[in-house]
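Okay, structure first, notes after.
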Amino acid sequence: MIDIKKIRTDFPILKVKINGKQLVYLDNAATNQKPQVVIDSIVNYYSTFNSNIHRGVHTLSQLATDAYEEARIKLQHHFNANKSYEIILTSGTTHSINIVATGFTSLLNESDEIIVSALEHHSNIVPWQMLCERTGAILKVIPMNLKGELVMSEYDKLLSNKTKLVFVNHVSNALGTINPIKEIIDKAHSIGAAVLIDGAQACPHIKPDLQALDMDFYVASAHKLCGPTGVGILYGKEVWLNKLPPYQGGGEMIKEVTFEKTTYADLPHKFEAGTPNIAGVIAFGVAIDYLNNLGFDNIASYENELLQYATKKLLQIEGLKIYGSSKNKTAVISFNIGEIHPYDIGAIIDKLGIAVRTGHHCAQPIMDFYKIPGTIRASFSFYNTFEEVDLLYDALLKAKSMLC
Ligand SMILES: *Cc1c(COP(=O)(O)O)cnc(C)c1O
């Protein structure tokens, strides 16, 4: 069970006033808020054991190294990776995807094919387009239907012995659709293609079991999981991480350097050149503990109640249309009211303290599919309340009366 009163006291920002009103934060799909324990861990690191890792023999450096590596092991257990060195610590989802996309340059041939889905975030489209430009490989797209779901029969048709890679997000950030990734992974594997799943939008709501799902790569960002910005993971199966060349050269990623030849460090250091966000990684571990203490089953069922309540409530507003009506979706509602531009509504309800996202949500192809410039997106977290849904409803009615 979610003890909503207690949880809300864990998040200092929820007491902040915006434009003189109580903050109603409904932009959790962009980044979610941080509990006090996560904030404290960052302050504690810089106040008591700030030091560089993996190099010094001195005590502080060892304390910092231990805390950093403990966080990696927490992440390994949380995501159920086989080995801790299969968890590469990065600056976030975008960085993680670019490590894979750049690494595949030497593994693809002209006329090989890469499949992405119509539901992707730009950060999951552009790196593959750049990879295709470098290699001559061809990008294919799994289409979507009006409900905002992937058309799986079309996916079957796209798969062939030319397919080398499949990239799909676990949950769409623009619509909240939960994609059938197990089916996508198994079908790709049956023809020998590798699969990368973008978990940035799924991880805050679903605890994925990476070994059971059996994908080759999985990526996520700490800042959507109550952790700090600028930290994320790239999970890769050991065989794949050994096949990929390093992404950046620098300190920490080498075994031996001479001007004739450098040999690379073992995993995970091969992909962790330079001084990482040490405080951020440690705080990511604390955020994972915080969420596991709440329990992902509790989080998912509470958020689903919020989603059902908010969907019913908002549909009472005349002219309001929701985009994305899959039965399998997280607590995201993407909508428009009549022909009113989403930005105009967003600006008015901001004056009432309500934070939502407006625009194309880094997923322009989805907006083009629906032939709209963008949507208003309310995305919920486990610390949101039913009263906040009511405040959103009231604010939307007010905005509508001002704009119509
Ligand atoms: C947020 C998001 C990203 C990008 O994450 P960054 O932390 O900005 O690198 C990629 N994919 C999806 C589905 C996202 O929601």
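Can you give the percent of C-alpha pairs in region 225-322 whose distance is more than 17 Å? Could you put the intermediate results ahead of the total?
Numbers: 3319 of 4753 pairs.
Of all Cα-Cα distances in region 225-322, 70 percent exceed 17 Å.
Potential lengthening of the chain between Glu69 and Ala347 amounts to 95.7 nm, from the contour at 0.36 nm per residue minus the alpha-carbon distance.
The string of couplings for region 51-64 from the Karplus curve (6.51, -1.76, 1.60, θ = phi - 60°) is 5, 7, 9, 6, 10, x, 8, 6, 4, 4, 4, 5, 4, 5 Hz, one whole number per residue in order, with x for Gly and Pro. With all pairs of separate Cα atoms included, region 51-292 yields a Kirkwood hydrodynamic radius of 18.5 Å. Here the relative contact order of region 51-292, from alpha carbon pairs under 8 Å that lie six or more residues apart, stands at 24 percent. Across region 143-155, rounded Karplus estimates of 3J(HN,Hα) from the backbone phi angles (6.51 cos²θ - 1.76 cosθ + 1.60, θ = phi - 60°) give x, 10, 10, 5, 6, x, 10, 6, 8, 5, 5, 6, 4 Hz, Gly and Pro being marked x.
Can you tell me how much longer the chain between Gln308 and Asn292 gets when fully stretched, taken as 0.36 nm per residue apart minus their C-alpha distance, in nm with one decimal? Could the numbers behind the result be given before it?
On the way: separation 16, 0.36 × 16 = 5.76 nm, distance 2.38 nm.
Separation in residues times 0.36 nm, less the Cα-Cα distance, equals 3.4 nm.
Contact order, relative form, for the chain: 23 percent (alpha carbon pairs under 8 Å, 6 or more residues apart, mean separation divided by residue count).
Once you charge only the Cβ atoms, +1 for Lys and Arg and -1 for Asp and Glu, what is the size of the charge dipole of region 51-292 about its Cα centre, to the nearest 20 debye? Before the final figure, lay out the partial values.
Values: 19 positive and 25 negative charges, 22 e Å.
My answer is approximately 100 debye.
Once you order the gyration tensor axes a ≥ b ≥ c over the Cα atoms, which shape class does the chain get: rounded for a/c under 1.5, otherwise prolate or oblate by comparing a/b with b/c? It is oblate, given that a/c is not under 1.5 and a/b is not larger than b/c.
Summing -39500 (n - 2.57) over the DSSP H runs of n ≥ 4 in the chain and dividing by its residue number, what mean residue ellipticity at 222 nm do you reach, to the nearest 500 deg cm²/dmol? Don't skip to the end; give the middle numbers.
Numbers: 14 runs with 155 residues, N = 404.
When only DSSP H runs of four or more count, the value is -11500 deg cm²/dmol.
Given a 1.4 angstrom probe, I'd like the percentage of the accessible area of region 51-292 that is carbon and sulfur, rounded to a whole number. It is 54 percent, rounded to a whole number.
Translational diffusion coefficient, Stokes-Einstein: compute it for region 347-404 using the Kirkwood radius over C-alpha pairs as Rh, at 4 °C and 1.567 mPa s, and state it as an integer in µm² s⁻¹. Please list the in-between numbers first.
Numbers: Rh = 12.8 Å.
Roughly 102 µm²/s, to the nearest whole number.
Residues whose amide H comes within less than 5 Å of that of Thr90, counting only those at least five positions distant or on another chain, are Gly232, Ile233, Leu234 (H built at 1.01 Å from N in the peptide plane).
Rank by packing, highest mean first: peptides 381-394, 179-192, with packing defined as the count of other Cβ atoms within 10 Å averaged across residues. Walk me through the intermediate numbers first.
Numbers: 381-394: 18.9, 179-192: 16.5.
Going from most to least packed, we get 381-394, 179-192.
Remark: for residue pairs Lys140/Lys164; Lys207/Lys329; Lys74/Lys243; Lys147/Lys398; Lys312/Lys400; Lys321/Lys371, the C-alpha separation exceeds 20 Å in Lys74/Lys243; Lys147/Lys398. Database remark: amide H of Gln201 closer than 5 angstrom to the amide H of His170, Val171 (H placed geometrically; neighbours at sequence offset of 5 or more, or on other chains; Pro and chain starts carry no H). Rounding to the nearest 20 debye, state how big the charge dipole of the chain is about its Cα centre with +1 on each Lys and Arg Cβ and -1 on each Asp and Glu Cβ. That gives the chain a dipole magnitude of about 660 debye.
The values are calculated or read from the model by the stated rules, or taken from the named source; none is laboratory data. In this text the structure is predicted, and so the values were computed from the model without any measurement. Glycine also receives a Cβ, built like all others from the backbone with ideal geometry; neighbour counts cover every protein chain displayed. The protein model used for the area step is the full one, side chains on, heavy atoms only, and it has no ligands, DNA or RNA in it. Shrake-Rupley method; radii C 1.70, N 1.55, O 1.52, S 1.80 Å.
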